[in-house]
Each structure stands twice: as structure tokens, then as C-alpha cells.
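> Please find one structure pasted underneath; my questions will follow.
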Ligand code: ZN
């Protein structure tokens with residue numbers, strides 16, 4: 001039997017970072033009912049997960065993008081992923097490039113597992129659309145973020161569930177500067193404030209240092225990427241204005 005999925009409903013993979021916050025805002029402008037799913041897999045720093053509620057609240061406020069549209073959040077514990085992954089996010093391993101050429105922050109197959117679980121949640125919640133903030137453009141080169149991987153997963157999930165889910169990746173071909181620009185286009189200064197003040201990307205979980213682009217240590221690869229994207233976005237804006 002095929003599940004009854006609603007075209008008006010979307011499920012967003014929401015970690016509390018800049019990318020998934022922007023994706024959540026994107027979904028709120030397109031779908032009448034938007035739910036979120038997050039995964040707790042024993043990240044070394046749970047700051048990102050703690051930021052999720054604040055972001056959801058900010059977006060749900062009266063007059064906000066999510067007013068009347070933002071539905072329940074589903075937090076799925078998957079401790080097993082942390083246990084089977086020997087990576088810098090889950091163990092005390094330095095963040096660097098491993099012999100494989102991938103950063104040590106890479107959790108093998110993480111997005112494949114996330115998508116399988118998200119599809120199960122979407123199926124049960126009647127959401128036709130699944131939105132995730134993966135991106136092929138930026139430095140990291142995670143193979144499970146690639147466009148072909150996501151397209152293949154859509155086929156596999158629809159075969160395996162005998163249904164018609166649609167996976168959306170609005171950031172796939174955008175770099176971080178373009179992700180800031182997208183947030184500006186979607187929600188203007190209000191959304192940018194949420195992205196900068198409330199979303200969290202720093203690998204070290206630093207919420208004590210506030211920069212123009214948000215909170216973070218400023219030195220880890222995630223902070224450097226975000227800071228560089230912000231600066232390039234600001235420059236491109238002043239270029240446009242001039
Ligand atoms: Zn950092």
C-alpha cells in the first residue's frame with residue numbers, strides 16, 4: 001500500500017547550523033506545513049542541537065516566516081552512528097585532513113543514514129517533501145553530499161518505500177556567500193539576524209566569541225568557511241550597491 005503523502009507538507013533535516021536554518025526558512029516560504037527532524041548521534045558538542053529550539057522559536061514568532069506553518073520537531077537519537085564512527089566530531093581526534101583525503105570530521109555515510117531515517121519520519125507524517133542543506137560546492141568534499149548521491153537516494157527510498165518522496169537541496173550549488181544571500185532574499189534582516197545570532201556551525205562548540213558572522217572559535221574549518229562566506233557576501237553587496 002502506498003502512503004498518503006501531502007504535497008503541502010515538508011520535513012526539513014534541521015541541525016541548527018547555518019545551512020539547515022536557511023533550508024528551513026526556504027521550506028517555510030514554499031510549503032504550508034513544515035516539520036523538522038534532527039539527529040543526536042553523540043556529537044562531541046551538542047551546542048548545535050541546543051540552538052535548534054531557539055531558531056524554531058524565532059521563526060515561529062508572530063509575523064515570522066514560520067508563523068502558523070512550523071509544525072512539530074522530531075529529535076531522533078542515533079547513538080549507534082557515533083559508536084561506529086571514529087571521527088573528530090564524536091571522538092577526541094584533531095580536525096584535519098585524513099589519509100583518505102577527507103576531513104576527519106567526516107562521519108562515513110552520515111547523510112545516507114539521516115535520509116533513511118528522515119524518509120521513515122516523512123512517510124509516517126505524510127510529508128511528500130524532504131529538504132536538506134547538503135552542498136557540493138564548498139570545500140569539504142563529503143561524497144554523501146553530492147548531487148548524484150542525493151538523486152540516487154531519492155530513487156532508492158521511493159523504491160524501498162513504494163512511494164513518491166521528493167528530496168530538495170536548495171543549497172546544492174551555492175557556496176557560503178550565496179547561502180547568506182539566499183537568507184537575505186528569503187527573510188531579509190530578520191532572517192539574517194536568526195542565522196547570525198542563533199544558528200551554530202563551529203566544530204568546537206564555541207558560543208563565547210561573537211563575530212560579524214555569528215558565534216564560533218573563528219579558527220576551525222567550519223568557522224573559517226562561514227567567516228569567508230560572510231565577508232564575500234558583504235563585499236558583493238557593497239559591489240552591487242556601488
Ligand atoms: Zn569554530
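The values are calculated or read from the model by the stated rules, or taken from the named source; none is laboratory data. Keep in mind that this is a model prediction, so the values were computed, not measured. FYI the Cβ positions are ideal-geometry reconstructions off the backbone, even for glycines, and counts take in every protein chain you see.
> Sort through 128, 164, 207 and tell me the only one that's surrounded by fewer than 21 Cβ atoms within 10 Å (Cβ to Cβ), touching a residue at least 40 places away in the same chain (Cβ under 8 Å) and closer than 22 Å to residue 47 by Cα.
207
> For the range 186-204, name all the residues that are over 18 Å from residue 53 (Cα atoms), within 18 Å of the chain's Cα centre (by Cα) and without any contact (Cβ under 8 Å) to a residue 60 or more places away in the chain.
Once the filter is applied, which keeps residues that are over 18 Å from residue 53 (Cα atoms), within 18 Å of the chain's Cα centre (by Cα) and without any contact (Cβ under 8 Å) to a residue 60 or more places away in the chain, the range 186-204 yields nothing.
> Looking at this structure, is residue 17 surrounded by fewer than 20 Cβ atoms within 10 Å (Cβ to Cβ) and in contact with a helix residue (DSSP H, G or I) (Cβ under 8 Å, 6 or more places away or on another chain)?
When the stated conditions are applied, residue 17 does not pass them.
> Here is a follow-up. Quick one: residue 219 ticks every box in (1) free of Cβ contacts under 8 Å to residues at least 60 places away in the same chain; (2) within 23 Å of residue 64 (Cβ to Cβ); (3) surrounded by fewer than 17 Cβ atoms within 10 Å (Cβ to Cβ) bar one, so which box is it?
(2)
> Among residues belonging to the range 106-117 that are buried (at least 18 other Cβ atoms within 10 Å of the Cβ) and assigned to a loop (DSSP other than H, G, I, E, B), point out the one that is modelled with the highest pLDDT.
107
> Separate question: Working only within the range 118-146, note down all residues that are more than 15 Å from the chain's Cα centre (by Cα) and in a helix (DSSP H, G or I).
Answer for the range 118-146, where residues must be more than 15 Å from the chain's Cα centre (by Cα) and in a helix (DSSP H, G or I): 119, 120, 121, 122, 123, 124, 125, 143.
> Turning to a different aspect of this structure: In the range 183-206, what residues are on the phi < 0 side of the Ramachandran plot and near the ligand (Cβ under 10 Å from one of its atoms)?
Passing the criteria: 200, 201, 202, 203, 204, 206.
> Checking residue 25 against (1) surrounded by fewer than 21 Cβ atoms within 10 Å (Cβ to Cβ); (2) part of a helix (DSSP H, G or I); (3) modelled with pLDDT of 95 or more, which single condition isn't satisfied?
(1)
> Which number in (1) over 27 Å from residue 66 (Cβ atoms); (2) at pLDDT below 95; (3) away from the ligand (no atom under 16 Å from the Cβ) marks the one condition that residue 134 misses?
For residue 134, the failing item is (1).
> For the range 147-168, how many residues are within 19 Å of the chain's Cα centre (by Cα) and in a loop (DSSP other than H, G, I, E, B)?
So the answer is 1.
> Being farther than 15 Å from residue 179 by Cα, more than 10 Å from the ligand (Cβ to nearest atom) and assigned to a loop (DSSP other than H, G, I, E, B) is the filter here; which residues of the range 208-242 pass it?
208, 212, 242
> Hey, another quick one. Residues being touching a helix residue (DSSP H, G or I) at 6+ places or on another chain (Cβ under 6 Å), part of a helix (DSSP H, G or I) and surrounded by fewer than 21 Cβ atoms within 10 Å (Cβ to Cβ): count how many of those fall in the range 169-181.
2
> Could I ask something else about it? Residue check: is residue 163 at pLDDT below 95 and more than 16 Å from the ligand (Cβ to nearest atom)?
So residue 163 does not fit the description; no.
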